[in-house]
Protein chains: 2
Amino acid sequence: MKSEKQKVSIKDIAKELGISITTVSFVINGKAKNRISDKVIKKVEDYIEKVGYRPNSSAQSLRTGKSQTIVFMAEDISDPFFSTVAKEMEGLAFKHGYRIIYCSTENKKERALELLQFFKDKDVDAFIITPPENFESETKKLIEEEKVVVLFDRHFHNLDHHYVVLDNVNSTKNAVEFLKEKGFKNIGFVGLKSNLSPMQERHQGYLEAVPHPMSLLIKFNAVGKKQGNDQLEKFLDDHPAIDAILFATNSLAIAGLRVLRKKSIQVPEQLGVATFDDRELFELHTPSISVVSQPVADLAKELIKGTLKLLGHPEDNTIRIRKSLSGTVIPRKSTERN
Amino acid sequence: MKSEKQKVSIKDIAKELGISITTVSFVINGKAKNRISDKVIKKVEDYIEKVGYRPNSSAQSLRTGKSQTIVFMAEDISDPFFSTVAKEMEGLAFKHGYRIIYCSTENKKERALELLQFFKDKDVDAFIITPPENFESETKKLIEEEKVVVLFDRHFHNLDHHYVVLDNVNSTKNAVEFLKEKGFKNIGFVGLKSNLSPMQERHQGYLEAVPHPMSLLIKFNAVGKKQGNDQLEKFLDDHPAIDAILFATNSLAIAGLRVLRKKSIQVPEQLGVATFDDRELFELHTPSISVVSQPVADLAKELIKGTLKLLGHPEDNTIRIRKSLSGTVIPRKSTERN
DNA sequence: TTGGGTTAGTAAATCGTTTTACTAAAGAAT
DNA sequence: ATTCTTTAGTAAAACGATTTACTAACCCAA
């Protein structure tokens, strides 16, 4: 009964074939050219094929300090934005012999630090990180440890580092411009009270695009809760002139739509609505919601391209990965006056 | 400049403190009691604290064959159902010194096999898997290799293995019963053409609960596409008597709602709608959609409890983890006649 | 015949742990 | 004074790979 498939090691192969471990290793790693005869190479390859040998990756990592693994620390991997980026990256990385492992920081510094430790212990080759708030000094420390680290979605303005982000300022300006073209005159902004760069920049873009800004900033953990909803209600009551709202994140928009429904405010008749980040929900909503969609595939491509470039030139510290891509406005019913 | 934080190893500690590697290891692993003097223990602990020593986990895995890591191979980690389960499990596992790593099979056998290899090479301690279709023999193989494997969401009826699933038959019957109570007389069923156990069982539950069943089964990769939508339209046209539909998955329901909107069929006036799996979208939809919600937290708890039990008794092959939990019907507007 | 170059390989160190099997010294018991 | 235990520790092998520095045999030219 005991089928107990005994794992075969390089040593087993060497013994079985009556050759040295070194020879086997050379064949496995393609370093056999001009060193080992074709006959022996063939013999080893056939045997490996036959027994389905796979190198023990703990041993490899221990010896080389590399793991052919990139970790993607997303804010929340269950958010379609992050999970789609993850999936895209996975495919691209695989073609180059790398694996992606992903996880969620939930925007918590504590959690991010734990994960960082865990993956440092595992000798991952590169970190792609959406840092939580106040993660600047940790990021700096990580970079100083000579790790390959690329920030995603958000970055720190006064830290010299690699990043791939959305051009939030201009994307927001485009969204406001779009709303103006649709005939809205008093555009309000609902954002997150956060010092993360996208939140800062989206607000900034809004402020620069509108003559008389009216904005509400809600704390991250109040969104969708009573506190946040009350704030939004009050905001609307206090600013009756507002004829359209731009939400800075999809969770704000979802919470906002609930409030609007509760207050029986008709969209778009009484209030135009647009938000960042496309989601199935927005397309299916009644009315469908206009959005600023992020170029997910391109973001993923730049992330992997950049990371691989850094991994490929470990000595070259003149390389800088700094990409800022634009979003696209997708017009839907929620911004159609008349 | 070169801050290059040199990683400190157990050997460095031993040398620095003028003691043996063994002693350090004993202290680190709590095996120092009755072997090493309190003074030395303290000295080592203080030094470890001071330099922030962390064991190299590749070396540990290599030596012990364990990694304190459980892998969760979900169908799709971006599906809120799976990602919520993942998050729950993570917290529970962490308390017991285990980490969860997750990934998506996308229901593809190829992909699942790749991932399986990858994680086998990494010496993960246990596999929690939502197997794709036709993964029975691979699962069997894995079990025969003496790995700890617990299936989730779906299982194989004629394979002796560990699993945690929803009681799909009875949950479906309850949903049908609920629809009947709401006054619907001709309840149709839209499911997935799949041999995965939940799809089979939900259909079976429906067939057993209804006198004159009318069901449509759509291929997985036709859902949301033209082919699937056409099938659904035809199904509705062919069965004008149907006054309510139970969708077997949330993606079917979402695709279905799009078709109903296109055909201008009023929910719930002309057609009642209910579906499996709760989602924010269903609550926010106009009208809100009644659902069968899965006991996510309990499923996660059973998965981790079971997995840890198996990990804790590696010798005991009499243990069987076999849990089948019930879903809950959440009534909403889409099933309110009048 | 000597020396140099090539070909085909191998021995052994190393990565950082864990763990088994030892020992030396001190104290207790007879 | 001898033996027996306990205490406090250590040496060395092992896990499975990679890689540096060797060698032995052969060929060729001078």
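So how do A:Arg111, B:Arg99, B:Arg337 line up by other beta-carbon neighbours within 10 Å, fewest first? Walk me through the numbers on the way to the answer.
Working: A:Arg111 16, B:Arg99 21, B:Arg337 11.
Taking fewest neighbouring Cβ atoms as first place, the list is B:Arg337, A:Arg111, B:Arg99.
Starting from 0 in steps of 10 Å, tell me what percent of the Cα-Cα pairs of chain B lands in each bin.
Bins of 10 Å from zero give 5, 22, 25, 18, 13, 8, 6, 3, 0 percent of pairs.
Which value, to two decimals, describes the C-alpha radius of gyration of the protein assembly as shown once divided by 2.2 N^0.38 Å? Spell out each step's value before the answer.
Working: Rg = 28.2 Å, N = 676, 2.2 N^0.38 = 26.2 Å.
Compactness ratio reported: 1.08.
Just the number, please: Stokes-Einstein D of region A:231-299 in µm²/s, Kirkwood Rh from C-alpha pairs, 10 °C, 1.306 mPa s.
Using the Kirkwood radius from Cα pairs, D works out to 126 µm²/s.
Which distances, in nm and shortest first, link the A:Arg337 label point to the same label point in every other copy, taking 7 Å along Cα→Cβ?
4.6
Ratio of alpha-carbon Rg to the 2.2 N^0.38 Å globular estimate for region B:156-280, to two decimals, please.
Numbers: Rg = 14.4 Å, N = 125, 2.2 N^0.38 = 13.8 Å.
My calculation over the Cα atoms of region B:156-280 gives 1.04.
Please give the charge dipole size of the protein assembly as shown, origin at the Cα centre, charges +1 on K and R Cβ atoms and -1 on D and E Cβ atoms. Round to the nearest 20 debye.
Roughly 1360 debye, rounded to the nearest 20.
Take region A:48-89, compute every pairwise Cα distance, and split them into 10 Å bins from 0; I just need the percent in each bin.
Bin by bin from 0 Å, the calculated values are 23, 26, 28, 20, 3.
How many times 2.2 N^0.38 Å is the alpha carbon radius of gyration of region A:9-117?
1.49
Distances from A:His96 to the same position in the other copies: list them in nm, one decimal, shortest first, using label points 7 Å from Cα along Cα→Cβ.
3.8
DSSP H helices in chain A with Cα extent of 15 Å or more along the helix axis and mean Kyte-Doolittle hydropathy at least -0.5?
A:80-95, A:250-262, A:296-312
Looking at chain B, what % of its DSSP beta bridges pair antiparallel, to the nearest 5?
Around 5 percent of the beta bridges assigned by DSSP in chain B are antiparallel ones.
Calculate the all-directions average of the projected area of region B:66-113's alpha-carbon convex hull, and give it in nm². List each step's numbers first, then the result.
Numbers: hull surface 13.9 nm².
Average of the hull's projected areas for region B:66-113 equals 3.5 nm².
Can you give me the long-range amide H partners of A:Ala244? Hydrogens built in the peptide plane at 1.01 Å from N, cutoff under 5 Å, separation of 5 or more residues or another chain.
A:Asn186, A:Gly188, A:Gly272
Of B:Pro198, B:His157, B:Gln60, which is farthest along the charge dipole of chain B in the positive direction, counting Lys and Arg as +1 and Asp and Glu as -1 at C-beta?
Checked the options; the winner is B:Gln60.
For chain B, what does the helix formula give at 222 nm: sum of -39500 (n - 2.57) over DSSP H segments with n ≥ 4, over the residue count, nearest 500 deg cm²/dmol? Write down the numbers at each step before the final one.
Numbers: 13 runs with 151 residues, N = 338.
Helix-only estimate at 222 nm: -13500 deg cm²/dmol.
Determine, for each peptide in B:22-30, A:120-128, the mean count of other beta carbons within 10 angstrom over its residues, then list the peptides with the highest first.
Values: B:22-30: 16.7, A:120-128: 21.1.
Packing order, densest peptide first, comes out as A:120-128, B:22-30.
Dipole of region A:1-65 (Lys/Arg Cβ +1, Asp/Glu Cβ -1, origin at the Cα centre): which of A:Ile13, A:Val40, A:Asn29 lies farthest to the positive side?
A:Asn29
Mind sorting A:Ile319, B:Ile304 by how few other Cβ atoms lie within 10 Å of their own Cβ, fewest first?
On the way: A:Ile319 11, B:Ile304 26.
Taking fewest neighbouring Cβ atoms as first place, the list is A:Ile319, B:Ile304.
Normalising by the residue count of region A:10-55, find the relative contact order in percent from Cα pairs under 8 Å and 6+ residues apart.
Relative CO of region A:10-55 lands at 36 percent.
For region B:10-55, with only Lys/Arg (+1) and Asp/Glu (-1) charged at the beta-carbon, what is the dipole magnitude about the Cα centre, in debye rounded to 20?
Here region B:10-55 has a charge dipole of around 160 debye.
Placing the label point 7 Å from Cα along the Cα-to-Cβ direction, what are the distances from B:Asp12 to the equivalent spots in the other copies, shortest first, in nm to one decimal?
Values, ascending and in nm: 3.6.
When only C-alpha pairs under 8 Å and at least 6 residues apart count, what is the relative contact order of region A:216-290, in percent?
Relative CO of region A:216-290 lands at 29 percent.
Rounded to two decimal places and with Rh computed the Kirkwood way over Cα pairs, what is Rg over Rh for region A:10-55?
0.91
Quick check on the exposure proxy: order A:Lys11, A:Lys87, A:Lys109 from fewest to most C-beta atoms within 10 angstrom. Can you show the working numbers first?
Values: A:Lys11 10, A:Lys87 18, A:Lys109 14.
Sorted ascending by nearby Cβ count, the order is A:Lys11, A:Lys109, A:Lys87.
Given a cut-off of under 8 Å on Cα pairs at least six residues apart, what relative contact order in percent is computed for chain A?
Details: 534 pairs, mean separation 51.8, N = 338.
That works out to 15 percent.
Shielding of A:61-68 by partners, i.e. mean partner chain Cβ atoms within 10 Å per residue?
The mean count of partner-chain Cβ atoms within 10 Å per residue comes to 3.
Starting from the Cα of B:Glu177, step 7 Å toward the Cβ, then list every residue of region B:257-298 with an amide N under 19 Å from that point.
Hits in region B:257-298 for B:Glu177 at 19 Å: B:274-277, B:290-295.
Computed from the coordinates by the stated procedures, all read-outs in this text should not be read as laboratory data. Quick caveat: nothing in here was measured; it's all calculated off a predicted structure. With ideal geometry, Cβ positions are generated from the backbone for all residues, glycine too; neighbour counts draw on all protein chains shown.
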